[in-house]
Amino acid sequence: MIARLIAALKLGPGNRVFHCGCGTGYYTAIMAEVVGSKGSVVATEIDSSLAEIAATNLSNYDHVKVLNRDGADVDPALCDAILINAGVTHPHPAWLDCLSEGGVLVLPLSVGRKLSVNDAMVLAITRRHSQFAAELLSIITIYSSPSMRDPILQSMLNDSFESHAMLRLKSVRKDDHERTDTCIVHTPGFCLSSAAI
């Protein structure tokens, strides 16, 4: 499953990657191999013991930096790809803002309520100038982020998932706008939309 999510990032040599929730660094190492020494990977892990293991495991990669931090508190700078390995209810604005043109953010949006609390819809969000195209990749079970969760948004995500409205997903909007019939999940500053870009 993680291989499929990494493939959705469309990595290539020289890419800059942000990996939030790197665990022991196994998948970070795979991405580091793909981007090569001309690329870079910044990996975060909130659990200090896992971050220490990841730093040791990745110590031979000069182009990888491991931070023992909550990924929501890190400004990843300009990135070509972002992989979030924790269930969240919305993309952090900094994650969207730092994406380069054509850059891809892959993240699991938690839908747990009637489903398991750790069930999530995985989205691939691609920057197209000032807009963000989105597609639903999969449903997975994943650990929840301790900081990037909003219970109201989680309820809205669950409702859109159960009603199958999420199948119409085409874009993510971060601009403030009035709710329209294309809004699947709508809040100020974050909207999952059926409007194509």
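The values are calculated or read from the model by the stated rules, or taken from the named source; none is laboratory data. Every value quoted in this text rests on a predicted model; they were computed, and no experiment measured them. Cβ placement follows ideal geometry from the backbone for every residue including glycine, while neighbour counts extend to all protein chains displayed. Heavy atoms of the whole protein, side chains included, go into the accessibility calculation; ligands, DNA and RNA do not. Shrake-Rupley method; radii C 1.70, N 1.55, O 1.52, S 1.80 Å.
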What is the sum of charges around Glu45, taking Lys and Arg as +1, Asp and Glu as -1, for the other residues whose C-beta is under 11 Å from the C-beta of Glu45?
-2
Sort 79-87, 52-60, 153-161 for me by packing, meaning the mean count of neighbouring Cβ atoms within 10 Å per residue, highest on top.
79-87, 153-161, 52-60
Add +1 for every Lys or Arg and -1 for every Asp or Glu among the other residues with Cβ under 12 Å from the Cβ of Phe190, and state the total.
-1
If each of Ser48 and Ser163 carries a label point 7 Å out from its Cα toward its Cβ, how far apart are those two points in nm?
4.5 nm
What ranking, highest mean first, results for peptides 187-193, 134-140 when packing means the other Cβ atoms within 10 Å averaged over each residue?
187-193, 134-140
At 7 Å along the Cα-to-beta-carbon direction for both Arg4 and Thr180, put a label point, then send me their distance in nm to one decimal.
3.2 nm
Once you sort the root eigenvalues of the Cα gyration tensor of segment 38-81 as a ≥ b ≥ c, which label holds: rounded (a/c under 1.5), prolate (a/b larger than b/c) or oblate (the other case)?
oblate
Compute the Cα gyration tensor for segment 112-197, then decide on rounded, prolate or oblate, letting a ≥ b ≥ c be the square roots of its eigenvalues: rounded whenever a/c is under 1.5, prolate when a/b is larger than b/c in the other cases, and oblate in all that remain.
prolate
How much FRET efficiency would the formula 1/(1 + (r/R0)^6) give for Thr141 and Ala77, where r is the Cβ-Cβ distance and R0 is 41 Å, rounded to 0.05?
0.85
Count the lysine pairs in the chain whose Cα atoms lie under 22 Å apart, taking only pairs 8 or more positions apart in sequence or on different chains.
4
Using the alpha carbon gyration tensor of segment 26-124, what are the three equivalent-ellipsoid semi-axes (square root of 5 times each eigenvalue), largest first, in whole Å?
24, 17, 12
Honestly the chain on the Cα gyration tensor test (a ≥ b ≥ c root eigenvalues; a/c under 1.5 rounded, otherwise a/b vs b/c for prolate or oblate) is just prolate
What number comes out for accessible area per residue over segment 138-194 if the probe is 1.4 Å? Units Å², please.
55 Å²
Note, Ser59: beta-carbon cut-off 13 Å, +1 each Lys/Arg, -1 each Asp/Glu, net -1
If you roll a 1.4 Å probe over the chain with all protein chains in place, what percent of the accessible area is carbon or sulfur?
53 percent
How large is the charge dipole for the chain, taken about the Cα centre, if only the Cβ atoms of Lys, Arg (+1) and Asp, Glu (-1) carry charge, to the nearest 20 debye?
420 debye
